[in-house]
Amino acid sequence: MKALPKDFADLLSARGRRILEGRDRGVRGAIADPRRPFLALDGALDRDKAAAVWRLLDRALGPHLVKLSQPVPPESISGQTRKYQERLRKTVRNRTAYLERRDSRAWRAAEEIGLIAMTASDSYRRFVEIVAGRPLARKFGRQLLCYGPGDYAGPHTDHHPEDPRAASGYIDFHLSFAGPGVQRQLLVYARDGHFTEEADVATAGGISAYRLPFWHFTTPLKARPGQEATARRWVVLGTFLFDEGPCR
Ligand SMILES: [Fe+2]
């Protein structure tokens, strides 16, 4: 694969196209209810194409990733004065490419492999709207993430209370591509106040959707023994605000 399909629909499996046509009742509006904020879909992307996308991203965007590291602050323990009063900010370690500026090298590389065009296609937006169960704002954000062995994200909410457009919720949409060397990575999230829910995100071609904010974390990526060289999981992330209509 030299470039991604121009139309997101062409990356989908037969099941994925059923979803896109709104014919899968279990998926339509799956995360519309904030009490059911997360959906993971396996088998919605074409398996062979997904494997090719992993190779394409790895080759074309790998050189443009920057390290993201927010470790546990030591003072979160040393500064603690009373038991049971620990506080932990968002901790994370992975690599990322922010696709925000059109003049950045990462943007140009993403454009060359058709990632910008595919995520601008009508079917991409329509798929997210079907899962979200409501219209989404025209403008949206793109970002790439890459988890290597041991990379993770600690418990966090992705709440943006200071941003009036996002304060009452928004959607993150992940296309996830795990390389052949990835053995295990889970997304764990809270329901009814406890971290009881988990989803396997270490699939070669997965789709997941988040109705944020809610508490969640991503477990450290585990490589298959001897296959660390391809133990990377790529995430194409789209961030969508809700369309509040012309009155706003
Ligand atoms: Fe998150």
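None of the figures in this text is laboratory data; all of them are computed from the coordinates on show. On a predicted model such as this, the values are computed, not experimentally measured, just so you know. Please note: Cβ atoms are built from the backbone with ideal geometry, for glycine as well, and neighbour counts cover all protein chains shown.
Is the shape of the range 95-248 rounded, prolate or oblate, going by the alpha carbon gyration tensor and its root eigenvalues a ≥ b ≥ c, with a/c under 1.5 for rounded and a/b larger than b/c for prolate? The partial results should precede the final answer.
Numbers: a/c = 1.98, a/b = 1.24, b/c = 1.60.
The shape class here is oblate.
A helix-only calculation puts the chain at -5500 deg cm²/dmol for mean residue ellipticity at 222 nm, using -39500 (n - 2.57) for each DSSP H run of at least four residues, averaged over all residues.
Sum up the charges of everything whose Cβ sits under 14 Å from the Cβ of PRO71, counting Lys and Arg as +1 and Asp and Glu as -1, but leave PRO71 out.
Working: positive: LYS67, ARG89, LYS90, ARG93; negative: GLU75, ASP151.
My count for the surroundings of PRO71 gives +2.
Note that the range 133-139 has calculated 3J(HN,Hα) couplings of x, 7, x, 10, 5, 4, 7 Hz, one per residue in order, obtained from phi through the Karplus relation 6.51 cos²θ - 1.76 cosθ + 1.60 (θ = phi - 60°); glycine and proline are x. Taken along the Cα-to-beta-carbon direction at a fixed 7 Å, the label points for LEU68 and ASP122 span 3.2 nm. In terms of the mean number of neighbouring beta-carbon atoms within 10 Å, the peptides 237-243, 99-105, 1-7 order highest first as 237-243, 1-7, 99-105.
Hey, what did the range 139-217 get for relative contact order, percent, Cα under 8 Å, at least 6 apart? Could you put the intermediate results ahead of the total?
On the way: 115 pairs, mean separation 30.6, N = 79.
Result for the range 139-217 is 39 percent.
Sequence-ordered 3J(HN,Hα) estimates for the range 204-209 from the Karplus curve with 6.51, -1.76 and 1.60 and θ = phi - 60° stand at 5, x, x, 10, 9, 9 Hz, glycine and proline given as x.
Treating each Cα of the range 178-227 as an identical point scatterer and summing with the Debye formula, the log10 of I(q)/I(0) at q = 0.13 Å⁻¹ comes to -0.35. In the chain, a dipole from Cβ-located charges (positive for Lys and Arg, negative for Asp and Glu) runs towards its positive end, and of PRO220, LEU61, SER208 it is LEU61 whose Cα lies farthest in that direction. Ordering of 153-164, 71-82, 52-63 by packing is 52-63, 153-164, 71-82, highest average first (other Cβ atoms within 10 Å, averaged per residue).
Under the classification rounded if a/c is under 1.5, otherwise prolate if a/b is larger than b/c and oblate if not, where does the range 8-94 fall, given a ≥ b ≥ c as square roots of the Cα gyration tensor eigenvalues?
Values: a/c = 4.93, a/b = 1.63, b/c = 3.03.
Judged from the Cα gyration tensor, the range 8-94 comes out oblate (a/c at least 1.5, b/c at or above a/b).
In this structure the amide hydrogen of ASP243, modeled in the peptide plane, comes within under 5 Å of the amide hydrogens of LEU136, ALA137, none closer than 5 places in sequence on its chain. Close amide H pairs (under 5 Å, H built 1.01 Å from N) link GLY179 with ARG232, ARG233, TRP234, residues at least 5 positions away or on another chain.
Would you mind getting me the FRET efficiency between LYS139 and SER78? Use the beta-carbon distance for r and R0 = 30 Å, nearest 0.05.
Numbers: r = 43 Å, r/R0 = 1.44.
So, using R0 = 30 Å, E works out to roughly 0.10.
Sequentially through the range 157-174, phi angles give Karplus couplings (6.51, -1.76, 1.60; θ = phi - 60°) of 10, 6, 7, 10, x, 7, 9, x, 6, 10, 4, 9, x, 7, 10, 10, 10, 10 Hz, Gly and Pro residues having no value and appearing as x.
This model, with +1 at the C-beta of Lys and Arg and -1 at the C-beta of Asp and Glu, gives the chain a dipole about its Cα centre of some 140 debye. Here the range 99-223 is assigned +1 on the Cβ of each Lys and Arg and -1 on the Cβ of each Asp and Glu. Its dipole about the Cα centre then comes out at about 340 debye. Summarising the amide proton neighbourhood of ARG191: residues at separation of 5 or more, or on other chains, whose placed amide H is nearer than 5 Å comprise THR196, GLU197.
Around LEU212, with a cut-off of 14 angstrom between Cβ atoms, what is the net charge of the other residues, counting Lys and Arg +1 and Asp and Glu -1? Net of charged neighbours comes to +1.
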